[in-house]
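Beneath this line is the structure, given in C-alpha cells, with notes to follow.
The values are calculated or read from the model by the stated rules, or taken from the named source; none is laboratory data. Remember, predicted model here, so these are calculated numbers, not experimental data. Neighbour counts are summed over all protein chains in view; Cβ atoms, including those assigned to glycine, are modelled from backbone coordinates with ideal geometry.
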Amino acid sequence: MTLAQHSLALRAPQLMTTPPLLTMTGVSRRYGDVVALRDVSATVYPGEVLGIVGESGSGKSTLLRMMNLEDTPDAGDYRLALPDLPGNLFDLDRFARRMLCATRIGIVYQNPHLGLLMKHTSSGNVAERLLIAGERSFAALRGRAREALDASEFPLDRMDARPIELSGGMQQRVQLAKAIALEPVLLLLDEPTTGLDVSVQALVLDTLKRLQRDRAITMVIVSHDLGVIRTMADRVMVMRRGRVVEQGLADQIFQDPQHDYTQQLVHAKL
Amino acid sequence: MTIATLTKPWEAMSYGFLDASAKRELRRKMLKAIAVPGCQMPYASREVPMARGWGTGGLQVTLTLLRPSSVVKVIDQGADDSVNAASIRSFLSKVSGARETWDTLEATILQSRHRIPEERLRADQVLVLQVPNPEPLRPVEPNMSVARQMHADADYGRLWLILYEQIVRSGRVMQGAAYPSLVNGRHVMTPSPIPRWDVPKLHMAQHLTFLSAGREKRLYAVPPFTRVEPLVFSDVPFQVEDHAALTCHRSGLTGYFMNEIPQGDGGSQFELSDSNLGIKAIRQAEGADARIGPTWYENGKTS
Ligand SMILES: Nc1ncnc2c1ncn2[C@@H]1O[C@H](COP(=O)(O)OP(=O)(O)OP(=O)(O)O)[C@@H](O)[C@H]1O
Ligand SMILES: [Mg+2]
C-alpha cells in the first residue's frame, strides 16, 4: 500500500471534518465549598448526540445549565458556531442570553416544574416561546403550537389542558414541544425520561430518536441510565466529581471502558 | 373655659397639605415619569387623610400640581357627585384654594377613578388617574423584582399568552378594564381600571396623564402626543365595549359609554357614565346655556 492510499484510508470520518457546533473549554464553577465543575471541556458536532453520564452530584445538570446560559462559570469559554455569534457566550449580557436561549437552544428539564408554566395551558406554554421570538398572529401561534406538540407526539385533544393535569410522560412531551418549537440548533435534555415508567420511557425515547433522525437536531442528553445513553448517544462523556474522566464514541465506552469509574459503571449495569 | 380658648385657630401647616419636601420628591418622580413614558417610578407615598385604596396615589399627585388658580374636577366611575369624589374635591379645594367644578371643559386638573371623560381634554389640562394595581405583569409574574427585570428587557410575551388563552377558552379577548397597553413603543402599562372604551383616548392625546398608585407607591405618566397601543394580535383587532348604539334614557344621548341599570321587568335601561355630559345635554335641551365640547367618540366611533 502506498502512502497516498494509506492517508486516504485513514481520513477522518465526515463528522470530524466539519467544525464543532458547540465548543466549551476550561469551564469551572464552585458553589461555596462545593466544586461543581472542574476544568470541563466539551465539543459537540452538528447533528451529533452527546451523552453525559455520571453519579449523582457529579455536575451534569450544572454543565447543562451552563450550556443553556442560565449560570456563569468562574472561568471558561463557550462558543456556538452560529454566524451572528462570535466570541465567548458567557460574555453576553442577560438580554442577549435570553434571546439566544429562547430562539436557538431548547431545553427539557428533569423536573417539569422548572420548564413549564403550570398555571397556563400546554399549547400556551409552547406559544410563549413563539411570543418571545416575536410572533404576534393568533392563528400562527395556534398552528405552530399544534405542529410542535404533534411532532412531540403529544395527544392534541389535550393541548389546552394545563400541564399540572397531565401525566409525567405528557408533561415531558410538552417540554419537548416547547423546546423544539423554534427549531433550535441545540437541544439539551436533562434526564428527560427519569421518573417515567419503563414503557412510557421507551415511547419518549422513540420520539426523541425520530426527532433526531428527521430534523438532525444536535443534542446533549444527560442521564443516570446507561440504557438511555446507549440508545441515544453517538458519543459519551463520563463525569465524576465535577471532572470529565473519560470520553469517546459510545460503542468504545461501553465495550472497552478505560477509567476505573467507567468500568464500575458499565459493569454495574450489565 | 373651652378648647377654643386654649388652642390656636386652625391653620394649614403647609400649602396643599403635603410638606415641601414631599412635594419636591413627587415632582422629581413625576418629571422622571414624563421622561420615560409608561415606566413605573417608585415614590415615597405619604400619609393623607384618607385610607389607602381610596385614591391616595392620585390625591398626592393632584396635591402637588394644584395652585390657587387651579380648577379641579374629581370623578368616580364618571360621576362628580359620589361621596368619594365629592370629599376628595372639597378637600383639594380646602387645602389649596382651587375652585371646584363638575364641568370637564372648565377644569385644569381632573382626578378620576375608572373613567376618562367623554369630552376631549386639551393641552392645558392634566388628567390624574387613581390606580389600584400598577403592575401589568402581576398576573404572570408574582415576584415583583423579576417583573421589573422583565420591564427592563421588554419581555412582555406572557401578556399575550394571557390574551391567547382567553381566546382559546372563550373565543374572544375577555380583558375588560385595565387593558394592558404599550406606551411609546417601549413600556407596557396598566391604564388603571378604565374600560377598553377609554383606552384609545390616551393615544396621541393633547393632554398629560399621570397614573398613581398610593398603596403600591408607584407612579407613571403618558405625556402629550404619546403612542398608547393596546396589546393585540395582528389578526385579532382591539375592540371597545359594544356601547355605540346604546341611548341614555335620561339625556337621550347615543354613542357614549353607558351604565346599565337593571329594571324590575328583567330588562335594562342605560344611563351615561359621564354624568356631567348627561347633565349638560339635559340643560341644553331645556334651553339653558351649557356648552358641550368636542368628544373623543362621535356617533360611537373615535374621531
Ligand atoms: N445553585 C447551586 N448552589 C449550590 N450548590 C450547587 C448549585 N448547583 C449545583 N450545586 C452543587 O453542585 C454539585 C453538582 O450538582 P449537579 O446538579 O450538577 O449534579 P448532577 O450531576 O446533575 O446530579 P444528579 O444526577 O443528582 O442530578 C452538587 O454538589 C450540588 O449540590
Ligand atoms: Mg442533575
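Determine if the stretch A:40-53 includes at least one residue that is within 25 Å of A:Arg235 (Cα to Cα), assigned to a helix (DSSP H, G or I), free of Cβ contacts under 8 Å to residues at least 40 places away in the same chain and more than 16 Å from ligand 1 (Cβ to nearest atom). Walk me through it before giving the result.
Our first condition is that a residue be within 25 Å of A:Arg235 (Cα to Cα); within the stretch A:40-53, this holds for A:40-53.
From the residues that got through so far, the ones that are assigned to a helix (DSSP H, G or I) too are none.
No; the residues of the stretch A:40-53 include none that is within 25 Å of A:Arg235 (Cα to Cα), assigned to a helix (DSSP H, G or I), free of Cβ contacts under 8 Å to residues at least 40 places away in the same chain and more than 16 Å from ligand 1 (Cβ to nearest atom).
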Exactly one of (1) more than 16 Å from ligand 1 (Cβ to nearest atom); (2) buried (at least 18 other Cβ atoms within 10 Å of the Cβ); (3) closer than 19 Å to A:Thr207 by Cα is unmet by A:Glu135. Its number?
-> (3)
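For the stretch A:131-146: of the residues being touching a residue at least 12 places away in the same chain (Cβ under 8 Å) and more than 8 Å from chain B (Cβ to nearest Cβ), which is farthest from B:Pro237 (Cα to Cα)? Write out each step before concluding.
Step one: filter the stretch A:131-146 for residues touching a residue at least 12 places away in the same chain (Cβ under 8 Å), giving A:132-133, A:141-142, A:144-146.
Next, from what is left, pick out any that are more than 8 Å from chain B (Cβ to nearest Cβ): A:133, A:144-146.
Working: A:Ala133: 21, A:Arg144: 20, A:Ala145: 21, A:Arg146: 23 Å.
Per the stated criteria, the residue is A:Arg146.
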Can you name the number of the only condition in (1) more than 23 Å from the chain's Cα centre (by Cα); (2) crowded, with 19+ Cβ neighbours inside 10 Å that B:Val146 fails?
-> (2)
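Any chance the stretch A:104-119 includes a residue that's within 11 Å of chain B (Cβ to nearest Cβ) and touching a helix residue (DSSP H, G or I) at 6+ places or on another chain (Cβ under 9 Å)?
Step one: filter the stretch A:104-119 for residues within 11 Å of chain B (Cβ to nearest Cβ), giving A:117, A:119.
If we keep only those that are touching a helix residue (DSSP H, G or I) at 6+ places or on another chain (Cβ under 9 Å) as well, we get A:117, A:119.
Scanning the stretch A:104-119 turns up at least one residue that is within 11 Å of chain B (Cβ to nearest Cβ) and touching a helix residue (DSSP H, G or I) at 6+ places or on another chain (Cβ under 9 Å).
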Picking from B:Ser112, B:Ser69, B:Ser87, B:Ser93, which residue would you name as being part of a loop (DSSP other than H, G, I, E, B) and either surrounded by fewer than 18 Cβ atoms within 10 Å (Cβ to Cβ) or hydroxyl-bearing (Ser, Thr, Tyr) (or both)?
-> B:Ser69
Checking A:Glu147, A:Glu191, A:Glu183 in turn, the sole residue that is out of contact with any helix residue (DSSP H, G or I) (no Cβ under 7 Å at 6 or more places or on another chain), within 16 Å of ligand 1 (Cβ to nearest atom) and under 28 Å from A:Ala81 (Cα atoms) turns out to be A:Glu191
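State whether the residues of the stretch A:149-157 include one that is of a type in the set (A, V, I, L, M, F, W, C), touching a residue at least 12 places away in the same chain (Cβ under 8 Å), within 16 Å of ligand 2 (Cβ to nearest atom) and part of a loop (DSSP other than H, G, I, E, B). First the steps, then the outcome.
Filtering the stretch A:149-157 down to residues of a type in the set (A, V, I, L, M, F, W, C) leaves A:149, A:151, A:154, A:156.
Keeping just the survivors that are touching a residue at least 12 places away in the same chain (Cβ under 8 Å) gives A:149, A:151, A:154.
Checking which are within 16 Å of ligand 2 (Cβ to nearest atom) leaves us with none.
No; the residues of the stretch A:149-157 include none that is of a type in the set (A, V, I, L, M, F, W, C), touching a residue at least 12 places away in the same chain (Cβ under 8 Å), within 16 Å of ligand 2 (Cβ to nearest atom) and part of a loop (DSSP other than H, G, I, E, B).
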(1) of a type in the set (D, E, K, R); (2) within 28 Å of B:Ile167 (Cβ to Cβ); (3) within 14 Å of another protein chain (Cβ to nearest Cβ) all hold for A:Asp150 apart from (3)
Say whether the condition of being more than 25 Å from B:Met41 (Cβ to Cβ), within 14 Å of chain A (Cβ to nearest Cβ) and assigned to a loop (DSSP other than H, G, I, E, B) is met by at least one residue in the stretch B:160-168.
-> no
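Kindly indicate the residue of the stretch A:204-242 that is of a type in the set (Lys, Arg) and away from ligand 2 (no atom under 16 Å from the Cβ) and also farthest from the other protein chains (Cβ to nearest Cβ) among those meeting that condition.
In this case the residue turns out to be A:Arg230.
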Give just the number: which of (1) assigned by TED's automatic domain parsing to the domain that holds B:Gln125; (2) in a helix (DSSP H, G or I); (3) farther than 30 Å from B:His187 by Cα; (4) of a type outside the set (Gly, Ala, Ser) does B:Pro49 not satisfy?
-> (2)
